[in-house]
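Dumping the structure here so I can ask a few things about it.
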There are 2 protein chains.
Amino acid sequence: MHVVNTADVLFEQFSERVAKNTLRKTLVSDKDGSKLFRLRYYCIEPQGQTPFDIHDYEHVVIVVRGRGTVLSKDGETPRLYQVKQGDVIYIRSREPHQFINTGGEKLEFYCFSTTH
Amino acid sequence: MHVVNTADVLFEQFSERVAKNTLRKTLVSDKDGSKLFRLRYYCIEPQGQTPFDIHDYEHVVIVVRGRGTVLSKDGETPRLYQVKQGDVIYIRSREPHQFINTGGEKLEFYCFSTTH
């Protein structure tokens, strides 16, 4: 068993591709012995965003602070999902997604990935 | 994509085996199309507990309210982990675990399982 407090892990700048004003930290990964889970925590400043992502694994996101928009696409048609504190977001494998802080305060969330 | 607010899903009594004063709700499962994730939310009243569990899949737990103790075992030796709000707990496959509310307020947490 491995216990870590979210506040005790340092943030790192996340600046891949079009990521902007976004920090993240890794809380669970294969380094803890996990075969399937990776858990990260994100903090996006107002007007910040993650990259527009499409990949072969699922996500579950839990919003713990703030509000924002998740941009997805259905073919060439954009789909926007408004999200707020307490929301749980399930993202299928290969489903496009980008988190954008459209609120006035920090947007913070836990983000689970399966590692395959 | 599937978005649900934690507060909008109803609790159900969880009374399997020695579970006591425990409610839970399911937020993500194969019903949402997830191939690997199951996410539940637990609320344990003071002095309540979950069953003592050992199974073939991993857990990640995020404590969002209260404090408590996780009882594990290393062979026949009990191991106690004190947990509190903000703690992230990684539980290996086959690692014994039981959540006990040893605090004076509700103990609430998200609990992720992989479905295999």
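Six or more apart or on different chains, Cβ under 7 Å: which pairs go from a residue in the stretch A:1-14 that's loosely packed, with under 14 Cβ neighbours inside 10 Å to one that's of a type in the set (Gly, Ala, Ser)? Could you list them?
Close Cβ pairs (under 7 Å, with a partner that is of a type in the set (Gly, Ala, Ser)) amount to A:Ala7/B:Gly86.
Which members of the stretch A:18-52 meet the condition of being on the phi > 0 side of the Ramachandran plot and away from chain B (no Cβ under 14 Å)?
Of everything in the stretch A:18-52, those that are on the phi > 0 side of the Ramachandran plot and away from chain B (no Cβ under 14 Å) turn out to be A:Asn21, A:Gln47.
Something else now. Considering (1) within 9 Å of chain A (Cβ to nearest Cβ); (2) within 18 Å of A:Lys35 (Cβ to Cβ); (3) of a type in the set (D, E, K, R), say which one B:Arg79 fails and leave the rest.
(2)
Give the residue that is surrounded by the most Cβ atoms within 10 Å (Cβ to Cβ), with candidates limited to residues of the stretch B:57-81 that are of a type in the set (D, E, K, R) and touching a residue at least 40 places away in the same chain (Cβ under 8 Å).
The extreme case among them is B:Glu58.
While we're here: Looking only at the stretch A:1-43, how many residues end up being in a strand (DSSP E or B) and closer than 26 Å to B:Arg38 by Cα?
16
Continuing with the same structure: If I filter the stretch A:82-103 down to residues being free of Cβ contacts under 8 Å to residues at least 40 places away in the same chain and among the charged types (D, E, K, R), which single residue comes out as surrounded by the fewest Cβ atoms within 10 Å (Cβ to Cβ)?
A:Lys84
Have a look at A:Phe11, A:Phe99, A:Phe37 and point out the one that is hydrophobic (A, V, I, L, M, F, W, C) and more than 21 Å from B:His2 (Cβ to Cβ).
A:Phe11
Ok, one more. Starting from the stretch A:44-56, take each residue that is part of a strand (DSSP E or B) and list its partners that are basic (Lys, Arg), counting only C-beta distances under 6 angstrom and pairs at least six apart or across chains.
Close Cβ pairs satisfying both conditions: A:Gly48/A:Lys20; A:Gln49/A:Lys20.
For the stretch A:95-116, give me each residue that is assigned to a loop (DSSP other than H, G, I, E, B), at pLDDT 95 or above and within 12 Å of another protein chain (Cβ to nearest Cβ).
A:Glu95, A:Pro96
The values are calculated or read from the model by the stated rules, or taken from the named source; none is laboratory data. Since the model is a prediction, treat every value here as computed from it, not as a measurement. When we count neighbours, we look across all protein chains shown, and the Cβ atoms used for this are built from the backbone with ideal geometry, even at glycine.
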